Each structure stands twice: as C-alpha cells, then as structure tokens.
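Presented below is the structure to which this report refers.
The values are calculated or read from the model by the stated rules, or taken from the named source; none is laboratory data. All figures in this text were calculated on a predicted structure; none of them were measured in a lab. Neighbour counts run over all protein chains shown; Cβ positions are idealised from the backbone, glycine included. All accessible areas refer to the heavy atoms of the entire protein, side chains included, with ligands and DNA or RNA removed. Shrake-Rupley method; radii C 1.70, N 1.55, O 1.52, S 1.80 Å.
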Amino acid sequence: MRFDDLQSWLRWQETLHPRTIKLGLERSAAVWSRLQRDSVAFPVITIAGTNGKGSCAAMLESIYRAAGYRTACYTSPHLLRYNERIRLNGLEIRDATLCAAFERVDRARGASTLTYFEFGTLAALDLFVRAQPDVAILEVGLGGRLDAVNILDPDVAVVATIGMDHAAWLGDTPDRIAAEKAGIFRPHRPAVVGHRAPSGALLERSETLGCDLFVLGRDFDWEDEGSTWHWLGPELVQTGLPAPALRGIFQRDNAATVLMTVACLNPRLPVAIPHLSLGLQRTHLPGRFQIVPGAVTWLLDVAHNAQAAAALAANLRAFDCPGRMHAVLGVLQDKDPQAIAEPLAGQVDAWYLGQSADPRALPTAELRAGLEGLAAERDLHGCEGITEALRTAADRARAGDCILAFGSFTTVEAALRYIHGAAAS
C-alpha cells in the first residue's frame, strides 16, 4: 500500500493533479472501467443544485434508513473529517476501509492524474458497489454534466435550487449553469426539479431526453397546516407531515422535492408514511443554521452565495437573539463578499472578517475592501485569520449575544474547532 494512514493519502492526492478543479469525465470513467466490472444493481439518486443538495441528500438518507433500507451516501465537502463524505447505513467510513479503497483506485488509475475530488469519488463508488446497498445517494460536487459522480447513471436525477455560483467553471448566466446541472438527466428516467422557476435549459434537456419531469410548484408542492404540512403530489396527497428537522421555510421546498423523489422510486423502494415522517424528524446536517446554545449562542451556516445568504437572513429574522448579533465572515476567492453579506446587513451589529486556512480563501484585506461600502457605518474588524476573527467576536460578545459564523465550509469548520477547543479548556 502506498500509504498506511488516511492523512498521508489525502495530502498526496492534493498534489497528484496540477489543477485543483478540472471538470471532465474522461479520467474518472477510464479509471472506473478498470476499477469495477460489477454492474450497479442498486438504485442511484444523483442530486445537483446551487443550494439545497446537501439538505436533500440528508433527508433522503434519513427517510430510507427510517424505512429499514441499507443506504450509501456520498456528499462533499466535509466539515471536520474527510470520512463524513462517505457513509454506509448512516455511519462514516472507517480510515482503514477508506485507505484500502484509495489503494484500489491508485492501482487502477495507471498514469492518470486524478484530481482530489475524482480520487475520492471513485473510492466512494467502489465502496458502494462492494457494499451493495438498497439505495445510493450521490451529491454532485460542482455542476453536474462533467462532475465525477456522473459516471454512474442515476435512476432519479434531482436538481435543487439554482443560483449564480461557480461562474468561472459553469457559465455566467442562469441558463448556462442550469444546462450543466441538467447534465445528470438520463433518457426516459425521472427528473425532479426543486426550483419554482426552472430555466428553459432544464426543461429543454428533459424534453429532448424524454424524461418524466416533475417540477416544484407545477407537478408537486406543499401547503402549511399550522404545526404540520401536507405534500401535494401528481396523484397523491400526504397530510399531517411534521416540520423537517432542518430549519427554515425553504426546507419545505427541499422536503417536498425529496418526497417527490421517494415517490419516483416507490415501486422499487416503497416507504410508508410513518417512515417519511420519522425520516424528516431525524434528519441531521451540521452547518445548516446549526445552533450551539450557551450564554452566547453560536449560529453556524455554510451559506456561501447570495441565494443561500438570503435564506440565512430569513432564518435570522425568525430567530430570537436578545442581545447583539456578531458576524464572523470568511469566503473563498471566487465569491462575491458583498452579495453574501448584503442580505444580512440590517441584522448584524458587528462584523469580524478573516481568511481561513484554505488556500482558496479570500485575503482579509480584499474581503474588507469588498464590504466597506456596505458596512461603513457599522462595527467592522479585519483580522489576520479566521481563528482570530472568531476569538475577537467571542471576546467582545456578552451574555445574550449571538455569534454567526458563515460564508464557507472552512469558516464553519474553524468555528466548530474553536467552540470545541473553548469547551475543552
């Protein structure tokens, strides 16, 4: 074996390909053809989207587990441990099992220089084929058409909400981005769109392929029933459903999309109403308006584009913070900091800006320059790094205050490590 421990494997994978992101299926498909000759006998659900795909994946995994099915789930990125990305029956994959999968990918790749994401995706799919679960849930990393998970044909393709993000790779218009997401559609197979105003590119691609297309607000929807809600499907109504465990009214859109997906697979994987309810209630997804209570309440959210920031702002409006709201913000270089911060400007009393350890993180000086016009009259602090920003916010916060850490996965990761470290000291 090339390496005996997980961290050595991951460090090496980061250097294997000259570019961090290199979209395309040729490398992954070629290695996969050498790595796995067994057919994929289990249903595959592939989920794309600018926002909401992680929530949809978590709900689907929880629902199918509640129904007693053996699940495989692949998501990215991770927060604290790489193993979070690959789960079998809700459990993170163990280091030794993952290292063995990495070794198999390494042997199969020959001279191919896989990216970090491609290497991990191939390892996850290899593990899933060996485990033969009842259903596999795959979250697209970037785009869809050229993403490594797309080497498998989904039985149901899901596209959650679409917004402007990753324009350098996916295109600079909503239609171009939507066309990349629609690349996961397959001929004559169900496609579920959890976006109320889908781009023409999605509709055209679906029509060209002859997909059974289901669009939120057109073919399925949801309605409030006070403390519960009901789902309106093409031929079915589910009443008295509990609120999803994930916070935010927008999570009802995601939950409705998930129920439509479950309905598409119901002939193969039937799910009873009690299991739908239990799965929605048990769904857990760190970093999505995650609340860490205490004298000072921490709020953690991976919102990293304008659309996600608007959803975060709606959650903040519904959350009772008796004191001041302190916001710790760190973003990556390909993001628009003003577009991320602007929806929350009227709800934040003090800003703390920092650059995370991610090599793609935006330097603090550039982040501050992007926000000075927006927050000129507010308390604005530029810090050397994201940890200093977290520490400064914690030092200035008083009982009853809240600290919101958001802007990227690496910002939330740093916040979780800071909170755990503070609790242990």
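Limited to the stretch 220-239, what total is found for residues that are among the charged types (D, E, K, R) and in contact with a Gly (Cβ under 8 Å, 6 or more places away or on another chain)?
We begin by selecting, within the stretch 220-239, every residue among the charged types (D, E, K, R); these are 221, 223-225, 235.
Going one step further and asking which of them are in contact with a Gly (Cβ under 8 Å, 6 or more places away or on another chain), we end up with 225.
Number of matching residues: 1.
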Subject >> Scope the stretch 32-54; condition at pLDDT 95 or above and either buried (at least 24 other Cβ atoms within 10 Å of the Cβ) or farther than 29 Å from Asp253 by Cβ (or both); matching residues >> reply: Ile45, Thr46, Ile47
Subject >> the stretch 328-365 - residue that is of a type in the set (Gly, Ala, Ser) and within 16 Å of Ala306 (Cβ to Cβ) and, of those, surrounded by the fewest Cβ atoms within 10 Å (Cβ to Cβ) >> reply: Gly346
Subject >> Which listed residue is buried (at least 16 other Cβ atoms within 10 Å of the Cβ) and either in contact (Cβ under 8 Å) with a residue 40 or more places away in the chain or farther than 17 Å from Gly52 by Cβ (or both), from Ala295, Ala311, Ala318 >> reply: Ala311
Original post:
Quick one: how many residues across the stretch 366-413 are open to solvent by 30 Å² or more (accessible area, probe 1.4 Å), out of contact with any strand residue (DSSP E or B) (no Cβ under 7 Å at 6 or more places or on another chain) and of a type outside the set (D, E, K, R)?
Top reply: 7
**OP:** Output the number of the condition that Thr161 fails; it satisfies all remaining conditions of (1) among the β-branched types (Val, Ile, Thr); (2) open to solvent by 10 Å² or more (accessible area, probe 1.4 Å); (3) at pLDDT 90 or above.
**Re:** (3)
Original post:
Pick from the stretch 181-212 the residues that are over 13 Å from Met260 (Cβ atoms), charged (D, E, K, R) and over 20 Å from the mean Cα position of the chain (by Cα): which of them is most open to solvent (accessible area, probe 1.4 Å)?
Top reply: Glu207
Original post:
Taking Thr261, is it in contact (Cβ under 8 Å) with a residue 12 or more places away in the chain, of a type in the set (Ser, Thr, Tyr) and in contact with a His (Cβ under 7 Å, 6 or more places away or on another chain)?
Top reply: no
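Which residue is surrounded by the most Cβ atoms within 10 Å (Cβ to Cβ), if the candidates are limited to the stretch 70-104 and must be assigned to a loop (DSSP other than H, G, I, E, B) and of a type in the set (A, V, I, L, M)? Steps first, please.
Here is the first cut: in the stretch 70-104, the ones assigned to a loop (DSSP other than H, G, I, E, B) are 70, 75-81, 89-90, 93-94.
Filter again for of a type in the set (A, V, I, L, M), leaving 79-80, 93.
Details: Leu79: 18, Leu80: 13, Ile93: 23.
Ranking the candidates gives Ile93 first.
Conditions tested, residue by residue: (1) buried (at least 20 other Cβ atoms within 10 Å of the Cβ); (2) assigned to a loop (DSSP other than H, G, I, E, B).
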{"site": "Ala58", "(1), (2)": "yes, no"}
{"site": "Gly68", "(1), (2)": "no, yes"}
{"site": "Ala111", "(1), (2)": "no, yes"}
{"site": "Arg130", "(1), (2)": "no, no"}
Original post:
How many residues does the stretch 194-234 hold that are in contact with a Phe, Trp or Tyr (Cβ under 7 Å, 6 or more places away or on another chain) and among the hydrophobic types (A, V, I, L, M, F, W, C)?
Top reply: 8
**OP:** Mind listing just one residue for me: the one in the stretch 3-27 that is within 23 Å of Arg130 (Cα to Cα) and at pLDDT 90 or above and, of those, most open to solvent (accessible area, probe 1.4 Å)?
**Re:** Asp4
Original post:
Of these, Asp134, Asp126, which one is open to solvent by 10 Å² or more (accessible area, probe 1.4 Å) and either in contact (Cβ under 8 Å) with a residue 24 or more places away in the chain or of a type in the set (Ser, Thr, Tyr) (or both)?
Top reply: Asp134
Original post:
Looking at the stretch 198-233, which of its residues are free of Cβ contacts under 8 Å to residues at least 24 places away in the same chain, closer than 25 Å to Leu280 by Cβ and not in a strand (DSSP E or B)?
Top reply: Gly217, Arg218, Gly226, Ser227
Original post:
Considering only residues of the stretch 168-180 that are of a type in the set (A, V, I, L, M, F, W, C) and open to solvent by 50 Å² or more (accessible area, probe 1.4 Å), which is modelled with the highest pLDDT?
Top reply: Ala168
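Per-residue answers, yes or no, for (1) at pLDDT 95 or above; (2) among the small types (Gly, Ala, Ser); (3) farther than 19 Å from Pro154 by Cα; (4) in contact with a helix residue (DSSP H, G or I) (Cβ under 6 Å, 6 or more places away or on another chain):
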site	(1), (2), (3), (4)
Thr75	yes, no, no, yes
Asn83	yes, no, yes, no
Arg87	yes, no, no, no
Glu92	yes, no, yes, yes
Ala96	yes, yes, yes, no
Arg109	no, no, yes, yes
Glu118	no, no, no, yes
Ala123	yes, yes, no, yes
Leu127	yes, no, no, yes
